[in-house]
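Contents: one structure, followed by commentary.
Every number in this text was worked out from the coordinates using simple rules, so none of it is lab data. No experiment lies behind these values; they were computed from the predicted model shown. Glycine gets a Cβ as well: all are built from the backbone with ideal geometry, and neighbour counts include every protein chain shown.
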Amino acid sequence: MKDENLFAALRAAFPSDLDATAIETADTPLPLLYTWRDLERGTAMMANLIESLDLPPASRIAVQVEKSVEALMLYLAVLRAGHVYLPLNTAYQASELEYFIANAEPAMLVCASRHFGWVSKLAFQHGTHNVFTLDDDRTGTLLMRAAFKSDQHQPVVRRADDLAAIIYTSGTTGRSKGAMLSHGNLLSNARVLQDFWGWRPAAEGGDVLIHALPIFHVHGLFVASHGALLNGSRMIWFSRFDARAVVQRLPEATVFMGVPTLYTRLLAEPGLTRQACAGMRLFVSGSAPLLIETFNDFRDRSGHTILERYGMSETVMLTSNPYRPESARRGGTVGVPLPGVQLRVHSERGAPLHAGEIGGIEVKGPNVFKGYWRMPEKTADDFTTDLWFKTGDVGKMDHDHYVTIVGRSKDLIITGGYNVYPAEVEGYINEIPGVAESAVVGVPHADFGEAVVAVVTARNGATLDSVAIIAALKNQIANFKVPKQLIVVTELPRNAMGKVQKNLLREQHKGLFAA
């Protein structure tokens, strides 16, 4: 395997003028300008701090902090120091975080200052003794300690097959799975996307990315950030998405990446016009299905056709609609397999299907992950005997190799770009006193794509309060997993085998949010 630290490859793409602006903050009290030299020095100082802790080789470093440029620098510093980055959704609650700490056994953990008390307690209980804080206002013990370290650092040598990151993705049984991504997985995908999406080098005017996504999952951390860094492109950095503010900055940018929810919110802004988007080169959507109405409305308003693509935590990007010609982008599809990615559609019995036939999507390529952290049996289950990864998505591929996703084989709900597995939420609901059983489904929602809805039955003699149950869940699980509505019924629909018929529940409640 070739020696290639992902950070070193990104660093090699920095422009020759290190004093040029790399990142400009868009929603701080005053704009902050970070140069490429700042990224070089800042990541070096953080990497030296990490190395001073004398951690075991390839240690996991867990991070649950708000989005900031310093948080991005921490990610790069972990790669630079040769360790494994473990990003955690900022919405995760104590019970969820405890599982991740116990499962991953990180040697170091970074959290927001306001959570240090309970997070450090969990960490110490599970053997993680290096706990730092990092806040979105450039404060915290991580920066205080790193300030005393050298700003010179030689990236640690890593092979393409060495682990770079673990991304936890919820499991259908309620157990989260840690997808292990290597330096080679991430770098190969970034290089393919740089070419496939036509990233423009500085000599040709250069691209400017509006970065308005979170950086604790694949879309914002890998696809967006790697794209800009590998191309030496400036980023306009939003810590949180603000539709009106983003529209105001469009004339300065050329690339925007978002989940469908962000596009519906942009369409609600009167300032989204063809004039505002005149300098834009590319709008990319992913992480959830894009409604054809949104696709058409955005093209009419902006003059641009959204490029929809498909990927997942275990593989980064798999398919994409074409960059050129723009007319080849087909609404309702996720495009064609990317160069180097093999994709096939098989029946439940593993037989290959013809063009247009619906079945399970399986993939193979240099971007496909190494397996699930400490879950060899689950890893084996999710790969075929000829080593194709079974994505769990159901779809079809036409004669032109355009892929259409028609559903999820494992009942996954994608709400606002975030994954919610019903079994996990059901597990928490079923523990609430008085609840006999629950079924969680996703139903159409104009803003979020899908909304989480719970249908619950009560134990004999018990009376359930929907509002109280939802309030209790908000203290246990991330807010995006909490049902937007909870409906109490006398019984759940079942088939002849006694299995709950969630398809009937989805059909019954599909109009809940129609207004």
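Values for this structure:
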| read-out | value |
| --- | --- |
| Alpha-carbon Rg/Rh ratio, for segment 337-408, with Rh computed the Kirkwood way | 0.97 |
| Across 67/481; 177/370; 396/481, pairs whose alpha-carbon gap is larger than 23 Å | 396/481 |
| Of all DSSP beta bridges in the chain, antiparallel share, percent nearest 5 | 60 percent |
| Student exercise, segment 337-408 dipole from Lys, Arg, Asp, Glu Cβ charges, in Debye to nearest 20 | 240 debye |
| Residue 17 versus residue 432: modelled label distance in nm, points set 7 Å from Cα along the beta carbon direction | 5.8 nm |
| Unit charges on C-beta of K, R, D, E only; dipole of segment 413-508, Debye | 80 debye |
| Per-residue Cβ neighbour rank within 10 angstrom, fewest leading, 188, 466 | 466, 188 |
| 222 nm mean residue ellipticity, helices alone, for the chain (DSSP H n ≥ 4; -39,500 (n - 2.57); rounded to 500) | -8000 deg cm²/dmol |
| Signed unit charges on C-beta, dipole axis of segment 33-113, positive-most listed residue 61, 85, 33 | 33 |
| Prolate/oblate/rounded call for segment 87-140, Cα gyration tensor, a/c under 1.5 rounded | prolate |
| Rg ratio (alpha-carbon, reference 2.2 N^0.38 Å) - the chain | 0.96 |
| Projected label distance in nm at residue 116 and residue 244, using a 7 Å step from Cα toward the beta-carbon | 3.6 nm |
| Net length gained if the chain between residue 471 and residue 358 were fully extended (0.36 nm per residue, minus Cα distance) | 36.7 nm |
| Sequence of 85, 310 once ranked by neighbouring C-beta atoms within 10 Å, starting from the fewest | 85, 310 |
| Estimated vicinal HN-Hα couplings, Hz - segment 226-239 in sequence order (Karplus 6.51, -1.76, 1.60; Gly, Pro = x) | 4, x, 5, 5, 5, 9, x, 9, 6, 10, 9, 9, 9, 6 |
| Options 402, 356, 371, ranked by Cα towards positive dipole end of segment 337-408, top entry (Cβ charges) | 371 |
| Charge-dipole axis of the chain as Lys and Arg at +1 and Asp and Glu at -1 on Cβ define it, positive-most pick from 146, 428, 168 | 428 |
| Relative exposure of 54, 38, judged by other C-beta atoms within 10 Å (fewest first) | 54, 38 |
| Residues with amide H under 5 Å from that of residue 383, placed H, sequence gap 5 or more | 390 |
